[in-house]
Structures are given as structure tokens and as C-alpha cells.
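Q: First the structure, then my questions, so here it is.
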Amino acid sequence: MQDIKEYAESAEQECGPKIRPDFSWDDIDTVMLDMDGTLLDKHFDDYFWEVYLPEHYSLLRNISIEEASQELMARYQAVENSLQWADLEYWSHKLKLDLPELKLRINHLIGVHPYVIEFLEFCLKKRKKLYLVTNAHSTALSIKLEKTVIGAWFDRVICAEDIGFAKEEPAFWPRLQEMLGFLPEKTLFVDDTEKVLRVAEDFGLGQLIHIARASSRRPACYSVRYPSIDYFKELV
């Protein structure tokens, strides 16, 4: 599953000294931003997939929470880096649980990272094209946009199911370019997952930035490969 898999990757990711972004805004026409962990505090997703869902699944299956967690992790990893990985309808069917309803029960944990709104305002004043690009399933996306009201800032919101591939898949990026018509070399892309950044780099995106503090409840981890920021105020 997207969120728990990204946490597993971040837990294993090598952390290094902070590489600070170094670019000119005059060279940027388009800004693309990931959602979970980048704009929104990933604590909601970590808690949902690692704690809340295993608790409910253990009750459904009459097994221990530890057994439920292990079984769920194996199921997630079996379809990682695919659209099924983030598909709430798929998982609701497989697990016999209403995942959108469970997410709504704890939507008070959904929150925007500090300085995000200030950064979005900055991009608009700079007259940059602004896109939200996420792997989140459309149902999860709707829940989060309704709670945070950040969707209005963007020229367009794109989820991976619109493209037909996850962001980790190389085919995602040329299809996204066909849809939006952006120039890769004049695009800034910000994400909290290094694997996504590597695929975007291979496609030729000009400026890549890693979010080191995806969750407010976990320590920052700076990328050894890409410039990192803790908060968006570092780009303003």
C-alpha cells in the first residue's frame, strides 16, 4: 500500500547531511507537488495503515494485532508500486472492510504541514503553473481535499489513476507531460519519496526536492542524493 510502503522505504533510507536547494525561480515555469508527506502531515497515513487498520482487521479475522500487521504488510508489498497499491476500493474488497469510512472516522488527524499555504501563495504571485500530483486514490484524495481545502490553490489536481500508472513507474511521466504540456527542464517537483524522485530525474525534470520531514511524529531524514527541505519556508 502506498502510505505504509513509503514509510518502510523511508525507515530504510540512508540519511545524510542536508543538501540545500540551489536554483533560480526565473528558471522555473511549473511547480509540481506531491500530497501525502509533502503538503500534508504523513502522521495520518502512518497511523491509519500501521495502527488503525490492523486493529480493525484483527477484530474481523479474530487474530492478534501483530498477526494482522504482518499479514497486511505482506499483502501491501505484493502489489507495491502499482495502482492497486493505493486503490481504496481494491483494499476494501480484499480486506472486507470499508476503508473510506475508516479514514473518515479519524479525519481529524489530517493536517497541512507548516508554511505550505505561504508557499502556494508565493508560487501564485510568481505566476507559476501549480499542479498537485499524487498517487492517492481519488476517494482518499477527496477526503483530504475536503478536510484541508488546499485544492483551490492548484491549476489542476492529478491522481495516478487519471494517468494509469503510479509515479514510481517510468510510463507515468510522459503521460503526465502529454496531459499537462509542461517543459521538464523548467519544472520543479517536490516529493517525500526518493524512488519517485529518481524516476522523475530519469525522465528529465529540471529541479527535484526531497521532503525530509514527511511526518511531524518522525525525525527528519535528509536525502544523500537530492536537495532536502524540512519546511516550504526554505523555498520562499
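Coordinate-derived values only; no laboratory data. Quick caveat: nothing in here was measured; it's all calculated off a predicted structure. Using ideal geometry, Cβ is built from the backbone for each residue, glycine included, and neighbour counts are taken over all protein chains shown.
Q: When the helix-only estimate is applied to the chain (DSSP H runs of n ≥ 4, each -39,500 (n - 2.57), divided by the residue count), what is the mean residue ellipticity at 222 nm, nearest 500 deg cm²/dmol?
A: Values: 11 runs with 98 residues, N = 236.
Counting only the DSSP helices, I get -11500 deg cm²/dmol.
Q: Let me ask something else. Which length gain, in nm to one decimal place, applies between LYS125 and SER216 when the Cα-Cα distance is subtracted from 0.36 nm times their residue separation?
A: Working: separation 91, 0.36 × 91 = 32.76 nm, distance 2.80 nm.
Taking LYS125 through SER216 to full extension adds about 30.0 nm, to one decimal.
Q: Next question. Let me know the shape class of the range 1-131, please: from the alpha-carbon gyration tensor, a ≥ b ≥ c as square roots of the eigenvalues, rounded when a/c is under 1.5, otherwise prolate if a/b is greater than b/c, or oblate. Working shown, then result.
A: Values: a/c = 2.50, a/b = 2.03, b/c = 1.23.
Prolate is the answer for the range 1-131, as a/c is 1.5 or above and a/b outweighs b/c.
Q: Quick one: if the Förster radius is 22 Å, what FRET efficiency do ALA152 and HIS108 give, using the C-beta to C-beta distance and rounding to 0.05? Don't skip to the answer; put the middle values down first.
A: Working: r = 21 Å, r/R0 = 0.97.
It comes out at approximately 0.55.
Q: Charges at C-beta only: +1 for Lys and Arg, -1 for Asp and Glu. How large is the resulting dipole of the chain about its Cα centre, in Debye rounded to 20?
A: On the way: 28 positive and 41 negative charges, 104 e Å.
Charge dipole of the chain: 500 debye, to the nearest 20.
Q: Karplus couplings for the range 83-93 from phi (6.51 cos²θ - 1.76 cosθ + 1.60, θ = phi - 60°), rounded to Hz, Gly and Pro as x?
A: These are the phi-based 3J(HN,Hα) values: 5, 4, 3, 10, 8, 5, 5, 4, 6, 4, 5 Hz.
Q: What is the extension gain from GLU118 to ASP230, computed as 0.36 nm multiplied by their sequence separation minus the C-alpha to C-alpha distance, in nm to one decimal? Spell out each step's value before the answer.
A: On the way: separation 112, 0.36 × 112 = 40.32 nm, distance 1.46 nm.
Length gained, GLU118 through ASP230: 38.9 nm.
Q: Further question on the same structure: DSSP loop trypsin sites (Lys or Arg not before Pro) in the range 51-135 with at most 10 other Cβ atoms within 10 Å of their Cβ, which ones?
A: Details: sites: ARG61, ARG75, LYS94, LYS96, LYS103, ARG105, LYS125, LYS126, ARG127, LYS128, LYS129; in loops: LYS96, LYS126, ARG127, LYS128.
Of the trypsin sites (Lys or Arg not before Pro), the ones in loops of the range 51-135 whose Cβ has at most 10 other Cβ atoms within 10 Å are LYS96, ARG127.
Q: Now, a different point. How many nm is it between the label spots at GLU101 and ARG75, if each spot is 7 Å from the Cα in line with the beta carbon?
A: Each label point is offset 7 Å from its Cα along the Cβ direction, giving 1.6 nm.
Q: List the residues, sorted by chain then number, that are 5 or more residues from SER215 or on another chain and whose placed amide H is less than 5 Å from its amide H.
A: Counting only residues 5 or more places away or on other chains, the set is LYS42.
Q: ³J(HN,Hα) across the range 113-130 via Karplus (A = 6.51, B = -1.76, C = 1.60, θ = phi - 60°), whole Hz, x for Gly/Pro?
A: So the Karplus estimates, Gly and Pro as x, are 4, x, 6, 5, 4, 4, 5, 4, 4, 4, 4, 5, 5, 7, 6, 8, 5, 10 Hz.
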